[in-house]
Amino acid sequence: MEYRQLGRTGVKVSALCLGTMTWGEQNSEAEGHEQMDYALASGINFFDTAELYSIPAKAETYGRTEEIIGSWFNQRKSRDKIILATKVLGRSNNTWFRNNGKKATLNKENIEEAVDKSLRRLKTDYIDLYQVHWPDRPMRLFEGLSYKHIEAEACSIHETLDALTDIVKAGKVRHIGISNETPWGLMNYLNESELNNLPRVQSIQNAYNLLNRTYETGLSEFFYREDIGLLAYSPLAQGLLTGKYQNDSLPKGSRKSLFNIMDRYDTPNAANAVDKYISLAKKHNIDVGQLALQFVTSRPFVTASIFGASTIAQLKKNIDSINVDLNDELEQAIEDIHLIYSNPCP
């Protein structure tokens, strides 16, 4: 396993990060524990979760994933072996996340309540990386590739960063990050930190995969100039890049069959692009999912690829992706496909 520096923290995290959002819905507590055991034994020291999880978000199950991680920490006495990342949700119209029944937002009151709840569920007294799950300002995040401006009430980045500073000073959080952000948003976080001597964002967690490489335009430059690496989520495009949904297949137990929440990847050219990557993988005798995952992991601006699994067999296959050799011929073939099917998904 390769280990990479998280921003400017000096902390080393594994290049593969264990995603956890299926635990508490698709996966039981015992299955979550089994996955963490196997991941840790395989050299993974980086787990990512969120107060929102498990997925899909429901009043009955939100926070359940953190509870499963907390019970594992308690049973295995392994907290010191893991770099733990979780997230506070952005502005939400749902009223069941907060005690007062108000809509969640990224102000001091909401952030302090959220982090205290996460700490209790996780059975720990600190979080290594605390991330803003999505911006407070209203944005079109998952429905398209173009920016759509929306004027509405929102907490400022300064207000949010000030609240994050308080929980860092209190020792509840060691480092901070952002997720589902734009270049404008990231630059404002960095400017606020520098101008006001506040904690610095150390990472950004955005979608990045063979069907959506928009991160490369704009945001990737922050790695080279500001040491902000990408924690890439959906490297397999919610399973689409494994090929399991091709030809209208709907495997039993898959996320799409259970919840039908994959509109983000149900776009006209997605299946055509996946067909090309499947053919390429077959030509080189490589599993297409491992090809897709290793492509993400091997990008120089990526700190870690965040992958999830609903079975231990999937988990093992994903971890074994680090053994895939992306030689020059494969790299060029991937670029050729990308030129024809450029970013078919948001």
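The values are calculated or read from the model by the stated rules, or taken from the named source; none is laboratory data. All values reported here derive from a predicted model rather than from experimental measurement. Positions of Cβ are generated from backbone atoms using ideal geometry, with glycine treated the same way; all protein chains shown enter the neighbour counts.
Summary table
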read-out: Residue, surrounded by the fewest Cβ atoms within 10 Å (Cβ to Cβ), within region 303-331, restricted to residues that are in a loop (DSSP other than H, G, I, E, B) and within 20 Å of the chain's Cα centre (by Cα); value: T311
read-out: Filter result (buried (at least 19 other Cβ atoms within 10 Å of the Cβ) and not in a loop (DSSP other than H, G, I, E, B)) within region 143-162; value: I157, T160, L161
read-out: T95 vs. criteria in a loop (DSSP other than H, G, I, E, B), closer than 22 Å to M21 by Cβ and at pLDDT 95 or above; value: no
read-out: Residue count for region 119-142, restricted to those that are in a loop (DSSP other than H, G, I, E, B), at negative phi and of a type in the set (D, E, K, R); value: 4
read-out: Test: residue in region 253-260 that is part of a helix (DSSP H, G or I), among the polar types (S, T, N, Q) and more than 15 Å from the chain's Cα centre (by Cα); value: yes
read-out: Among the residues listed as A15, A50, A39, A59, the single one being out of contact with any helix residue (DSSP H, G or I) (no Cβ under 9 Å at 6 or more places or on another chain) and of a type in the set (G, A, S); value: A59
read-out: The lone exception for I334 - which of (1) in a helix (DSSP H, G or I); (2) under 22 Å from K12 (Cβ atoms) it fails; value: (2)
read-out: Where P300 falls short, out of the listed (1) part of a loop (DSSP other than H, G, I, E, B); (2) surrounded by 17 or more Cβ atoms within 10 Å (Cβ to Cβ); value: (2)
read-out: Counted residues, region 1-35 - those being within 30 Å of D227 (Cα to Cα) and small (G, A, S); value: 5
read-out: Within region 56-74, tally of residues that are modelled with pLDDT of 95 or more, surrounded by fewer than 18 Cβ atoms within 10 Å (Cβ to Cβ) and out of contact with any Asp or Glu (no Cβ under 9 Å at 6 or more places or on another chain); value: 1
